[in-house]
Structures are given as structure tokens and as C-alpha cells.
Amino acid sequence: MPAACESVLEDIEDIVSAEDLKPHDRQFVRKNVVPKVRKRKSHKNVQTDDEPPSDSIIPGVQKIWIRTWGCSHNNSDGEYMAGQLAAYGYTITDNSAEADLWLLNSCTVKNPAEDHFRNSIKKAQERKKKVVLAGCVPQAQPRQEYLKGLSIIGVQQIDRVVEVVEETIKGHSVRLLGQKKDNGKRLGGARLDLPKIRKNPLIEIISINTGCLNACTYCKTKHARGDLASYPVEELVDRAKQSFQEGVCEIWLTSEDTGAYGRDIGTDLPTLLWKLVEVIPEGAMLRLGMTNPPYILEHLEEMAKILNHPRVYAFLHIPVQSASDSVLMDMKREYCVADFKQVVDFLKEKVPGITIATDIICGFPGETDEDFQETMKLVELYRFPSLFINQFYPRPGTPAAKMPQVPAAVKKQRTKDLSQLFHSYNPYDHKVGERQRVLVTEESFDSNYYVAHNPFYEQILVPKDPLLMGKMVEVSIYEAGKHFMKGQPVSDARVHTASITRPLAKGEVSGLTEEFRRAPQNGTNWKAQPSAEIPVKTRLGSWMALQFPWQQEGGGLKILSVSLALLAVLVMFYYGGMKTEL
């Protein structure tokens, strides 16, 4: 392998000087490109390496496969990275075998997720694929042995994914792990107006903040995402507006802790939510993400009003983790079981029918049989319709990993016991025969149904009628299972179109503004003008949104562009020959 492939660079600037052309400039400024005639090497010096020299590789034409693990925040990051790469010219493929590069976006919450990530790296290397790593695993522990020599894009650097991919394709190893800051203050992350490819064109995932205010002893995500950093209200509202203009009918708000939103910038979650509901069109819905008990306690009255709003799902994910105060103290969760019960009881009273989802960790260090029985009683009391049961895994570098561990067999048994309790009740049986208003947004895993959600974000399977997709319709519930209900559209129901415009096609890039689409066709300067407020290295969203002449439908412009390019090459060769003769 060439020496260039062995070097590990901490930043793009390690190989690109201030005088060098940036990727932006290389796309639009061709006048400095002079063809070179390569001298033939003698047979004894012929390069036998399969890798072409880095200066002969043309970035932006390769195929890229993206795999994301973990939470909706991670999925949002993956959508943004896909959008930027596609806007630049790369092809995003679902076929890993045909891809030139694998972009692996990792999750560090559990050992199994990291194991899958590690195995995917190994597979990529065995298949001789270029690899770029993203997500919480490399951000939290970039010096792990199995990450050695591989390119890494940090969780706050996703707006520079094009640069990292470009240099990786050339054979360099690049690592961008810095934090976004403004006058020394940490920002929420990359800009929200970057191009993206939504996994589901009808659903927009918006990260309202990154990081959190807690220091849970079992959590590895904190090492990657850091302390709380919130996006301004106006930026989030603008992102929502843009999404609805692109045919989205459902918005998910996500972060490591949505309840803590705004504490670092002098605002709060209810303030944001009231601003957002003002811009939600009729028939579209908003879903709140996970919030920890301490921060929702302060806003119970306002949150109840918001969750009763007809365009907000009456759904809230509030992780309890354990019903033992001593275990919660060891976890450093900063609340007690009574706090959790107060939140749940209040919301159940003020928001009739609300869905409360929660998480529980089985076998946390120091958890006794009595502690676990308290958790079992809590589940029996509330009979949560949505319960995420997690067997404890010690994550390297966390305080909990150094605590005396519960035997593996005990952890496994407790996980099994809690799972059996959860599956002993059916939360939806009493709803058979009801008529419910549902929003249809996706296809079921088995492809036999479309998936819709009622106002409580309960899953309803409906007939696979293309006319229903993206629509709000009334159905009659005729069957109930553990995790779903089945509904049939009623004959006298009015089908309401939530989208204010046609949704983007699957795989279509969001965020390509009309200004950039129009520029080449109008014959204006193709080069996007830099913003005075935004540094060059964070301005990818602007210039990547451009559509180049050969991407336009107009054949005349395409022919003209190619003709001018050929003429320029001939002129350079002509003058070059004259200089040689002189």
C-alpha cells in the first residue's frame, strides 16, 4: 500500500493548506487544471499495487453504502450524511457489495450494537472496501485498536462528511472529532439546513439538542455527545417549515434528553413546542422524543396542554430504568421512583389515553432481588404498552463497569422474568370495535400492511392501499395484538391529505433550494457565495446543494458545457506547444 494510505491525519487541514483549492473550488474552477503527460516507467519500476495513485482518483463518482445503528438522533445524522454525499455526486446504494466505500454510523449504548459495528468493519476490510466510521463509538473511544488507521467523522462534524469521504477514497486516513463552538460556547452540532435523504420521505427527524445534563454511571453516550447544547428555537421552527414544504406529514423531535432542551440557551421545551405547533399543517403530526423525569416535572401543566393538542401525539417516552431508589442513586439518575410516578399519574389524569413508554435495566450492579421485585411491581401497576427491557452490559470507561457485577445468570433470569410479565397482558384488547383517526406513514416489516398511528401513537395496521399513504383516515379496529391493532377504513370516512405538497421520492435529496436549482439554468455564476458568518469548513450545505449543468435535464446546456470544456483543453495544448517551440 502507498505511504499515503498509512498516514493518519487528525484533520483535513493536515494535508490541505490555505493556498490549496478546496473541494468547493475544484468543482467550479477548472481554468487552473493543466493536462499532464505521464512518463512511462520502465518494466522494473512498474507499480504492481492494485490501488491507483491518489491523484488519479476522481471523487464524487463512487457508490457509498451507509449503515446506521441506534437511536433516532443517530438516524438523523445518517440522513444528513447521505444527503450531503448525494448532493455532491456520490451514489448512495442499498447494495453493500457494489459500494466502493462503507460509511458505518455506530451506537455505543450496548455491547451487541458495538459488536455488530466491529464485525462490519472487519467485513469491509475483508472485501477491500474503503471505510469511514461515524457515530458514538469512535467519538467516545477513537484510539481503540480495531479503529486504528481508519477515517473517523465525529458526531458534531457530520457537515464535513464529503471531505472525509473524498480523502478516504484517495487513500488517506482522516479524523475529525472536534466540537462546534461559537465564541467558545458549544453548539448543538452541524447546521439543520444541510441536504439530507430521509429514510422515510414522510417523516422528518429533528435533533433539537445534543448531549445532556446528567452523568449516569452506566452511560457511554455521554462520552460521545457530551454536555447539553441546544439549537435555537427559530432554527428548529425553520427546519420544520422546510420539511412540511417537502411533503413531510410527521415530525419526530429527538435528542439524548428532550426535556432538558433550552436550559443552556435560556429557553425550555414548552416554549419550543408551542412555536412548532403553530406551523404544523392540518393532518400532520408531531411526536416528542425521550425525556428524563427531572426535567419534565417542572413543566407538567404546560406539557399536558401540549400533549392534548390535536396535532401532537399523546405519547411520551420517560425512562425509569429501575423502581428501586437505591439502584437509581447508584445510577446517578437524579430522581426517585416517586418523581416518576408523579409524572405518569399527572399525565394519565390530564391527558386521557396517553401512551407512556419506559425503559428498564435488569441486573444493574448492586441490584438485589428486592430491588428487582420493586421494578416488577411498577410494571404490574402501570402495565406499560411500550416497554424497552435491557439486560445490563458494562460499558468500558463508565463508573458502572468498575462496580461489583450481578452474575450473568441472574441478569439473564431477571430479564426473562420481566419479559414474561410484559407479555402477560394485552394493552389493546378493549379497543376492538372503536373508530380511530390514524395517519398512515410507512410499510410493515413483512410488507403485508401499511403502518399508521392513532392520536396516542399506537400502531395500527391498515390495508396496503397506495391511496392511503401519507393520508389521515378514520378506521374501525377489528383485531388487537400485543404491539399493534388492525383497522379497516370506514366507508363514510373522509381521507385527509396532510402534506401541503408532493412528498419527495424515496432517495431524493432534501434541502436543495430553488436558488441553487435555478442558478445553472439562468447562466449565473455556479459558485455559491460564502456567508460571512459561517466558516468555510462548515459551509458544505450551501455549495453542495448546487446542481451542475450535466445534472440538468436541458440537453442544449449540456452540449454547450461539454463543447466549451473541449475548446479550453485544445487552447491550452496549442499554447503549450507554441511555448515549447519558442
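Since Glu298 meets every condition but one in (1) closer than 21 Å to Asn209 by Cβ; (2) buried (at least 16 other Cβ atoms within 10 Å of the Cβ); (3) more than 28 Å from the chain's Cα centre (by Cα), which condition does it not meet?
Only one criterion is unmet by Glu298, namely (2).
If a residue counts only when it is in contact with a His (Cβ under 9 Å, 6 or more places away or on another chain) and surrounded by 15 or more Cβ atoms within 10 Å (Cβ to Cβ), which strands (runs of 3 or more DSSP E) contained entirely in segment 385-469 have at least 3 such residues?
435-443
I'd like to verify a number: residues in segment 101-140 that are assigned to a loop (DSSP other than H, G, I, E, B) and crowded, with 24+ Cβ neighbours inside 10 Å, how many?
Total meeting the criteria: 1.
Restricting attention to segment 155-178, does a residue exist that is open to solvent by 40 Å² or more (accessible area, probe 1.4 Å), within 30 Å of Ile265 (Cβ to Cβ) and either not assigned by the TED database to the domain that holds Asp115 or not polar (S, T, N, Q) (or both)?
yes
From the list Arg198, Arg191, exactly one residue is within 18 Å of Asp238 (Cβ to Cβ) and open to solvent by 20 Å² or more (accessible area, probe 1.4 Å). Which is it?
Answer to the check: Arg191.
In segment 213-226, which residues are open to solvent by 20 Å² or more (accessible area, probe 1.4 Å) and within 10 Å of Ala260 (Cβ to Cβ)?
If the condition is that a residue be open to solvent by 20 Å² or more (accessible area, probe 1.4 Å) and within 10 Å of Ala260 (Cβ to Cβ), then Leu213 is the only one that fits.
When you go through (1) open to solvent by less than 30 Å² (accessible area, probe 1.4 Å); (2) on the phi > 0 side of the Ramachandran plot one by one for Gly266, which number turns out not to apply?
Checking Gly266 against (1) open to solvent by less than 30 Å² (accessible area, probe 1.4 Å); (2) on the phi > 0 side of the Ramachandran plot, the one that fails is (1).
Can you pull out the residues in segment 470-495 that are closer than 22 Å to Phe422 by Cα and not in a loop (DSSP other than H, G, I, E, B)?
Residues satisfying the conditions are Glu479, Ala480, Met485, Lys486.
The values are calculated or read from the model by the stated rules, or taken from the named source; none is laboratory data. Nothing here was measured: the structure is a model prediction, and the numbers come from that model. Ideal geometry is used to build each Cβ from the backbone, glycine not excepted, and the neighbour counts take in all protein chains shown. Note: areas computed on protein heavy atoms with side chains; ligands, DNA, RNA excluded. Shrake-Rupley method; radii C 1.70, N 1.55, O 1.52, S 1.80 Å.
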